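So the structure is just underneath, and the comments pick up after that.
The values are calculated or read from the model by the stated rules, or taken from the named source; none is laboratory data. As the structure is a computational prediction, the values presented were derived from the model and not from experiment. Cβ coordinates were reconstructed from backbone atoms using ideal geometry, including for glycine residues, and neighbour counts include every protein chain displayed. These area figures cover heavy atoms from the full protein model, side chains too; ligands, DNA and RNA do not enter into them. Shrake-Rupley method; radii C 1.70, N 1.55, O 1.52, S 1.80 Å.
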Amino acid sequence: NIAAFGKVLAETQKPRFALGWVNGTLSAEAKALFASYFAETRKEKIFGNSGFIIADRGKNQAYQFTEDFEAQTNSPWATDKNRYKIDSVTANSYYTFMPNEEWGASLKITVDEGNSGPKKLTVLGDLRFPDLLSEVNLVVVVSRGDEQMEYYSRSVNDFMYKTGIWSRFSVVKTFDFNLGAGDIVHIYLWNRTKGPFDVDNLKVKTY
């Protein structure tokens, strides 16, 4: 259960975490979720369908496109400043989806010669639902000229473990083609049932 796994990671106060699995596989999304909290890998070993990772808490610097919704931050994400709110306890800013708001924060990446060739995309974000879970998807669209090369829509609800508190999602998308110069990658949140929720700390990397 990836929601329960995320809850354990979020509530762990220790500086080091040992993650092990037996007779199974660690999904790319679970590994990305783990690395978002414990970014400094000390030891990793995989043997067959089992393995372990020992990692320390640290800040992952690998994400090229981030959005924390702080007013002074320059960001490539397209947002509506009127939907920024400030947490009364932490004083951190976040972004809101109110009832009947279907669309919100979005990012368009134009692939250039310097970053062409990647086949994988990871998106992280923190969501908070006030009372009831609404259906929210992370959508990735890849366009090449007038041709739509990829449309991918992934529900992030299975990462949510409780209303009223922040839960983190990690979506990993592998393409069956290389992203080339001139391709446009469009990433956005789709509030399918138009319920209220908050979002913060969006991060994207291609590799």
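One table, with the values for the structure above:
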{"read-out": "Residue that is nearest to residue 178 (Cα to Cα) [pool: residues in segment 65-75 that are surrounded by 13 or more Cβ atoms within 10 Å (Cβ to Cβ) and not hydroxyl-bearing (Ser, Thr, Tyr)]", "value": "65"}
{"read-out": "Segment 151-192, residues that are among the acidic types (Asp, Glu) and either under 23 Å from residue 27 (Cα atoms) or within 15 Å of the chain's Cα centre (by Cα) (or both)", "value": "158, 176"}
{"read-out": "Any hit, segment 66-82, residues being touching a residue at least 12 places away in the same chain (Cβ under 8 Å), within 18 Å of residue 109 (Cα to Cα) and in contact with a Pro (Cβ under 7 Å, 6 or more places away or on another chain)", "value": "no"}
{"read-out": "Every residue from segment 118-173 that is part of a loop (DSSP other than H, G, I, E, B), among the aliphatic types (A, V, I, L, M), touching a strand residue (DSSP E or B) at 6+ places or on another chain (Cβ under 8 Å) and open to solvent by 40 Å² or more (accessible area, probe 1.4 Å)", "value": "165"}
{"read-out": "Those residues of segment 85-117 which are outside any loop (DSSP other than H, G, I, E, B), in contact (Cβ under 8 Å) with a residue 24 or more places away in the chain and either closer than 25 Å to residue 164 by Cα or among the aromatic types (Phe, Trp, Tyr) (or both), in sequence order", "value": "85, 93, 94, 95, 96, 97, 103, 104, 105, 106"}
{"read-out": "Answer residue from segment 98-117, given it is more than 20 Å from residue 195 (Cβ to Cβ), touching a strand residue (DSSP E or B) at 6+ places or on another chain (Cβ under 8 Å) and surrounded by 14 or more Cβ atoms within 10 Å (Cβ to Cβ) and is modelled with the lowest pLDDT among those", "value": "115"}
{"read-out": "Considering residues of segment 88-97 that are in contact with a strand residue (DSSP E or B) (Cβ under 9 Å, 6 or more places away or on another chain) and open to solvent by 30 Å² or more (accessible area, probe 1.4 Å) only, the residue modelled with the lowest pLDDT", "value": "92"}
{"read-out": "Given (1) in a loop (DSSP other than H, G, I, E, B); (2) open to solvent by 90 Å² or more (accessible area, probe 1.4 Å); (3) closer than 20 Å to residue 202 by Cβ, index of the condition residue 82 fails", "value": "(1)"}
{"read-out": "Matching strands (runs of 3 or more DSSP E) fully within segment 1-58 where at least 3 residues are farther than 26 Å from residue 125 by Cβ", "value": "40-47, 50-56"}
{"read-out": "Single condition residue 21 does not satisfy, out of (1) of a type in the set (Phe, Trp, Tyr); (2) over 26 Å from residue 199 (Cα atoms); (3) open to solvent by 80 Å² or more (accessible area, probe 1.4 Å)", "value": "(3)"}
